[in-house]
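Read the figures in this text as sums done on the coordinates, not as results from a lab. Predicted model only: the values in this text are computed from it and were never measured. Don't worry about glycine lacking a Cβ; one is built from the backbone with ideal geometry, like all the others, and counts go over all protein chains shown.
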Amino acid sequence: MDSNLRLNQIATLWSLVRQAHDEPGEAGLAARHALLERYAGAIRRYLLGAVRQADAAEDLAQEFAYRFLHGDLRKADRERGRFRDFVKGVLFHLVADYHKRKYRDAGSLSPGVEPAADCSVAAEREEAFRVSWRDDLLARTWTALEGHEKAQGQPYYTVLRFRADHPDLGSAQMAEQLSAMLGKPVNAAGVRKTLERARDRFADLLLEEIAQALEEPSRERLEEELSELELLEHCRAALDRRQGA
């Protein structure tokens, strides 16, 4: 199998997980590389925030990659939970082991004594992972929107990205600057219409990213996932469009 395997070539993320676990040789390795590439951004975001040192975070990311590529993925079972819960569990263990080594190397931890893991620390850890996962999900959606623009010629990425970078500009000011960027005249009404369509397309792509990671992407499951990631309000119309389709 091509080492450049992509999730959109396969039915769902769990199809890719099963292939990564079950297929021997190069096929399984290619699937594991594809999974690792897909979530590398979220992994590095979380690790950097957890250890606050770029070199240490990179070392841990490499350790995660080694374990992932050489492991058998038996714990990544859709019956036991979402794939991101599997990723989270591995990352939490890596970070906990890192802090234990750090405390022991500094001589501040007596034998048999573990670093404090109270409820507030656990909650902060969960929140940090959730934010890292959501930020990477949004980043992948921006990339997908950019790809859509290149393929279809509709300037949805350019206009929506410009709005995100210049939230205080009015439609007329946006039209003036976008006309120069796009190399063609754009008026305020056109900007507003393109923004509306761009937001809809972004929400559709975001929803598709999430749906691919669910074995059964029912509306209930999608709403649950969106709610946990605090993205539900942005995707209600997209849910309606998906259900209608």
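What the table shows:
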quantity	calculated
Alpha-carbon centroid distance for the pair segment 22-62 / segment 151-229, whole angstrom	28
Cα-based reach from LYS150 at 22 Å (exclusive), listing lysines while leaving out same-chain residues under 8 positions away	LYS184, LYS193
Straight-distance crosslink candidates among aspartates and glutamates, where the alpha carbon sits under 20 Å from LYS102 and sequence neighbours closer than 8 are dropped	ASP55, GLU58, ASP59, GLU63, GLU114, ASP118, GLU124
Neighbourhood charge, 12 Å Cβ-Cβ cut-off, centred on LEU137 and excluding it, Lys, Arg +1 and Asp, Glu -1	-1
